Amino acid sequence: KNVTPLWIIDEAHNLPAEFFRDLPAFLNFAFDSRDLMSVWLVGHPALEHTLDRAPYAALASRIQVRLRLRPISERERFHSLVTQAFKHAGAEHTLLSDSGLELLRQASRGLPRYAGRILKTSLQLAVPKGLNHLPDEVIQQAIEELR
């Protein structure tokens with residue numbers, strides 16, 4: 001039907017070595033005459049190190065794109081990311097002060113996933129207090145709870 005399925009494997013760094021060894025044979029089903037599917041292996045930097053090892057050269061040769069997401073250390077880009085995320089979540093007003101955003105950026109070291117955990121914990125702490133914003137103290141409390 002001229003449809004190429006996409007198989008996304010998250011946390012691929014946790015897969016057993018046999019998976020990486022056998023995957024090229026699975027993908028070679030049509031002897032490389034056509035693309036049966038696209039496979040995205042998503043994981044931590046350890047995945048990249050695994051795929052660079054000699055036993056997985058057959059798989060590494062089939063990888064068309066490697067992408068490493070880096071921390072967002074620039075202040076304005078990080079603030080834009082957080083602001084846009086709240087907007088997409090339906091927030092109609094600013095929930096963090098500039099100092100709160102900076103506290104979040106520094107504590108998360110620019111890592112979006114960790115910033116998300118801090119924000120989730122902050123929101124959970126704010127709800128019982130009936131707050132409609134996240135004061136710096138609540139963000140700091142969330143950071144300390146996650147340590």
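The values are calculated or read from the model by the stated rules, or taken from the named source; none is laboratory data. Predicted, not measured: the structure shown is a model, and the values here were computed from it. Please note: Cβ atoms are built from the backbone with ideal geometry, for glycine as well, and neighbour counts cover all protein chains shown. Quick note on the areas: whole protein, heavy atoms, side chains included, nothing else; ligands and nucleic acids left out. Shrake-Rupley method; radii C 1.70, N 1.55, O 1.52, S 1.80 Å.
From the list Ala115, Ala126, Ala91, Ala107, the one residue that fits, being in the same structural domain as Ile139 (by the TED database) and over 22 Å from Glu144 (Cα atoms), is Ala91.
Is it true that some residue in region 64-74 is more than 30 Å from Trp7 (Cα to Cα) and either over 14 Å from the mean Cα position of the chain (by Cα) or open to solvent by less than 40 Å² (accessible area, probe 1.4 Å) (or both)? Scanning region 64-74, I find at least one residue that is more than 30 Å from Trp7 (Cα to Cα) and either over 14 Å from the mean Cα position of the chain (by Cα) or open to solvent by less than 40 Å² (accessible area, probe 1.4 Å) (or both), so the answer is yes. For beta carbons closer than 9 Å, sequence separation of 6+ or different chains, a first residue in region 1-23 that is among the acidic types (Asp, Glu) and a second that is exposed (fewer than 15 other Cβ atoms within 10 Å of the Cβ), the qualifying pairs are Asp10/Trp40; Asp10/Val42; Glu11/Val42; Glu11/His44. Considering region 31-47, and only residues there that are over 17 Å from Ile8 (Cβ atoms) and open to solvent by 60 Å² or more (accessible area, probe 1.4 Å), the residue that is modelled with the lowest pLDDT turns out to be Phe31. Ala91 meets all of the listed conditions (1) among the hydrophobic types (A, V, I, L, M, F, W, C); (2) within 30 Å of Ala25 (Cβ to Cβ); (3) assigned to a loop (DSSP other than H, G, I, E, B) but one, namely (2).
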